[in-house]
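The values are calculated or read from the model by the stated rules, or taken from the named source; none is laboratory data. Just so it is clear, the structure is predicted and the values come from calculations on it, not from any experiment. Counting neighbours? That spans all protein chains shown, and the Cβs are built from the backbone with ideal geometry, glycine included.
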Amino acid sequence: MILRILNGVTSTSFYLGGIAFALIISGYVLEVVLRYFFNAPTSFTSDFTQWFFAAMIMLCIPEVTYRKGHVIISFFLEKMPTDFRSKLERILSFAGFVICIAVCWICLCETMRQYQIDIQTAWNHPIPKWWISVFIPYGMGLTGLQFLSHALKR
């Protein structure tokens, strides 16, 4: 039950990351058309795409982890006996969980600090910086939980 919820949230995040990617492409197309065909560049496209890029990356990382699509140097693992390899993969997944949760905590503390102090971006149209930073602890926390689910699988 918990694993189904985790995978559902991960899948939903991945689709939201896809929507963010589509919005980035749309923003660039809009900018090119307005700038080069109408000589009327926008002042918000750069800000817009930076925000959605950060969201896209952090929304998609948990799905990559769920699918075991992250970068791994498997040469050493492939040379090991199957039983030992399985145990080592579980240990490495647990280490990934610990690291991701630690990063999540650090980034969450920083996001809260940005919220409390009301730090703004240095963009053409400033927004509170925590609106961007909030995706980092979310993505790292969900990624950590995916690593934990891999570590606990038999």
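Cβ separations smaller than 8 Å between residues 6+ apart or across chains give the following pairs from region 113-126 residues that are touching a residue at least 24 places away in the same chain (Cβ under 8 Å) to residues that are in a helix (DSSP H, G or I) and polar (S, T, N, Q): W123/S46; W123/Q50; N124/S46. Reported count of residues in region 109-154, each being among the aliphatic types (A, V, I, L, M), over 29 Å from S46 (Cα atoms) and either exposed (fewer than 13 other Cβ atoms within 10 Å of the Cβ) or out of contact with any Leu (no Cβ under 6 Å at 6 or more places or on another chain) (or both), is 3.
Within region 85-99, residues that are farther than 11 Å from H150 by Cβ and of a type outside the set (G, A, S) have Cβ atoms under 7 Å from residues that are modelled with pLDDT under 90 and not in a helix (DSSP H, G or I) in these pairs: L88/M80, counting only partners at least 6 apart in sequence or on another chain. Would you check if there is a residue in region 88-108 being surrounded by 18 or more Cβ atoms within 10 Å (Cβ to Cβ), under 22 Å from L16 (Cα atoms) and charged (D, E, K, R)? The answer is no; no qualifying residue exists. The listed residues are L77, L30, L3, L59, and the only one of them that is hydrophobic (A, V, I, L, M, F, W, C) and either crowded, with 17+ Cβ neighbours inside 10 Å or within 18 Å of the chain's Cα centre (by Cα) (or both) turns out to be L59. I'm checking my understanding of the structure. Among residues of region 96-131 that are of a type in the set (A, V, I, L, M) and modelled with pLDDT under 90, which one is nearest to V64 (Cα to Cα)? Filtering first and then ranking leaves I127. Criterion applied to L88, L142, L77 was being at pLDDT 90 or above and hydrophobic (A, V, I, L, M, F, W, C), and the one residue passing it is L142. No other residue among V64, V33 is at pLDDT 90 or above, hydrophobic (A, V, I, L, M, F, W, C) and farther than 18 Å from A151 by Cα apart from V33. Residues that are under 18 Å from I136 (Cβ atoms), surrounded by 15 or more Cβ atoms within 10 Å (Cβ to Cβ) and touching a Cys at 6+ places or on another chain (Cβ under 7 Å) are absent from region 41-53.
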